[in-house]
Structure formats: structure tokens, C-alpha cells
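Read through the structure below, which is laid out as C-alpha cells, and then see the notes.
The values are calculated or read from the model by the stated rules, or taken from the named source; none is laboratory data. The shown structure was predicted, so the numbers you read here are calculated from the model rather than taken from an experiment. In this analysis, Cβ positions are derived from the backbone assuming ideal geometry, glycine residues included, and neighbour counts consider all displayed protein chains.
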Amino acid sequence: MNTRKLLPLSAVALAAALALAGCSTGTPGSSATSMPGMDHGAMSSSSPSASESSQAVGDHNAADVMFAQMMIPHHAQAVEMSDMILARQGIPNEVSALATRIKDAQGPEIEKMTSWLSGWNQSTQMPGGHSMEGMMGADDMAKLQAAQGADAAKLFLTQMIAHHKGAVVMAQTETAGGQNADAVQLAKDIVAGQEAEIKEMQQLLTTL
């Protein structure tokens, strides 16, 4: 599969993101990749409360807005990839469990970031001309859709590692330049959670 560090946000990914509450896509092997759905603890296991939403509407800057606009479709693609693997037969239990955790964590985070953008009177769509790290291309997604059994599990892990790496890069950018406390905290949670999952997936690959 072709690797790429940056891929312009596609209309397909954006449409999928909005459908999940936005949620959907990265390229394996790229040094920068995705953020997608990880287990970030209690913060990602439930929808934002009224108080959280109120706090998030406070001070924010352009970095906070861009972080949310980019992470929504990035998370959405991770959810889409997880759905693909969960629909397959013959997938090792450990891989299916990981895909479930990713999906369960990132869905609520998409809702959280969507609510922030709404409170900031900002579009959930990224301005044209921006690119995201770790997003899968259409050919990568097609290969994952077609793969079966152990091959599908290996491809999912390889692609998701790249996707997670991209998310970590974007989250680190937010922690360095963001202003909104809630957004910066989510970015820190993404870095910690996804770096741990990258190690987990690399270990799983050695067993397949």
C-alpha cells in the first residue's frame, strides 16, 4: 500500500464524521499518523456534561479550533476501520477487543469536540487546503475492506499504528499551542492513550 504522511481531508471522511455525530480514515508506515479512538479513560467514556461543555466554550484560539476540526474526521476514520474489523470472521479476540475499545472511546470524543465547535460558533468542517497526518487513503480503506481473517487483523494493526501516530502528532501540536483547557487536556489524553495502544498493537503484530 502506498504510504503518505499527509492526506487532504476528503469529502467522504467528512461526511462520515458528520454522520457519526459526528465519525472516519491514515496510511500505515508513515512517520506521522492518526489519533483515533483510544481508551482515554473516563473522559472518553461518556458524553460531555453540561458543565464540561460550558467550560469548553470559554477561552479558545485558532489552534483549539483546528485541533477539533481535524480530529473529528480523524477519529471518524478510526471508528470506520474498527467497524470493518469487527464485521470480519476469524479475527483474534485481542484484535477485536482493541477495535471495540477504539470505537467506544472515539465516538464520545467526536461528540465532545463537535459540541465545542458549536459553542465556539465554528464549523465542524476544516477549511480547504489543510492536511492531516495518518489518514488512510481510499485505496488503503479498500484493502482493509477486502481483507479476511489473519490478513485483515495484520492490516488493521499496521494501518491503525500509522493512524495513531498521526493523531499523536496533531495532539502534540494542540498541547503546544492550544489555549482552551479542556481541548489541551483531551490532546494530552490522546497522546498518552494512543502511544500506549501503539505499543500494544506492535506487540500484537508479533503474535500473528
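Considering only the stretch 191-205, I want to know if a residue exists there that is surrounded by fewer than 23 Cβ atoms within 10 Å (Cβ to Cβ), aliphatic (A, V, I, L, M) and in contact with a Lys or Arg (Cβ under 8 Å, 6 or more places away or on another chain).
Within the stretch 191-205, one or more residues are surrounded by fewer than 23 Cβ atoms within 10 Å (Cβ to Cβ), aliphatic (A, V, I, L, M) and in contact with a Lys or Arg (Cβ under 8 Å, 6 or more places away or on another chain).
Report yes if some residue within the stretch 126-135 is touching a residue at least 12 places away in the same chain (Cβ under 8 Å) and part of a helix (DSSP H, G or I); otherwise report no.
Taking every residue of the stretch 126-135 in turn, none turns out to be touching a residue at least 12 places away in the same chain (Cβ under 8 Å) and part of a helix (DSSP H, G or I).
Condition check ((1) surrounded by fewer than 23 Cβ atoms within 10 Å (Cβ to Cβ); (2) at pLDDT 95 or above; (3) of a type in the set (S, T, N, Q); (4) over 26 Å from A62 (Cα atoms)) across all residues:
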| residue | (1), (2), (3), (4) |
| --- | --- |
| E133 | no, no, no, no |
| D139 | yes, yes, no, yes |
| A142 | yes, yes, no, yes |
| Q145 | yes, yes, yes, yes |
| V168 | no, yes, no, no |
| T173 | yes, yes, yes, no |
| A176 | yes, yes, no, no |
| Q179 | yes, yes, yes, no |
| V184 | yes, yes, no, no |
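Anything in the stretch 137-183 that is touching a Lys or Arg at 6+ places or on another chain (Cβ under 7 Å) and in a loop (DSSP other than H, G, I, E, B)? List them, or say none.
Correct list: G137, Q148.
Only residues that are touching a residue at least 24 places away in the same chain (Cβ under 8 Å) and more than 21 Å from M113 (Cα to Cα): list them for the stretch 168-206, please.
A196, E197, I198, E200, M201, Q202, L204, L205 - these are the residues of the stretch 168-206 that are touching a residue at least 24 places away in the same chain (Cβ under 8 Å) and more than 21 Å from M113 (Cα to Cα).
Restricting to the stretch 56-101, name every residue that is small (G, A, S) and in a helix (DSSP H, G or I).
A56, A62, A63, A68, A76, A78, S82, S96, A97, A99
Looking at the stretch 100-125 only, could you name the residues that are among the polar types (S, T, N, Q) and either without any contact (Cβ under 8 Å) to a residue 24 or more places away in the chain or surrounded by 15 or more Cβ atoms within 10 Å (Cβ to Cβ) (or both)?
T100, Q106, T114, S115, S118, N121, Q122, T124, Q125
Can we say M113 is in contact with a Leu (Cβ under 9 Å, 6 or more places away or on another chain) and not β-branched (V, I, T)?
It is true that M113 is in contact with a Leu (Cβ under 9 Å, 6 or more places away or on another chain) and not β-branched (V, I, T).
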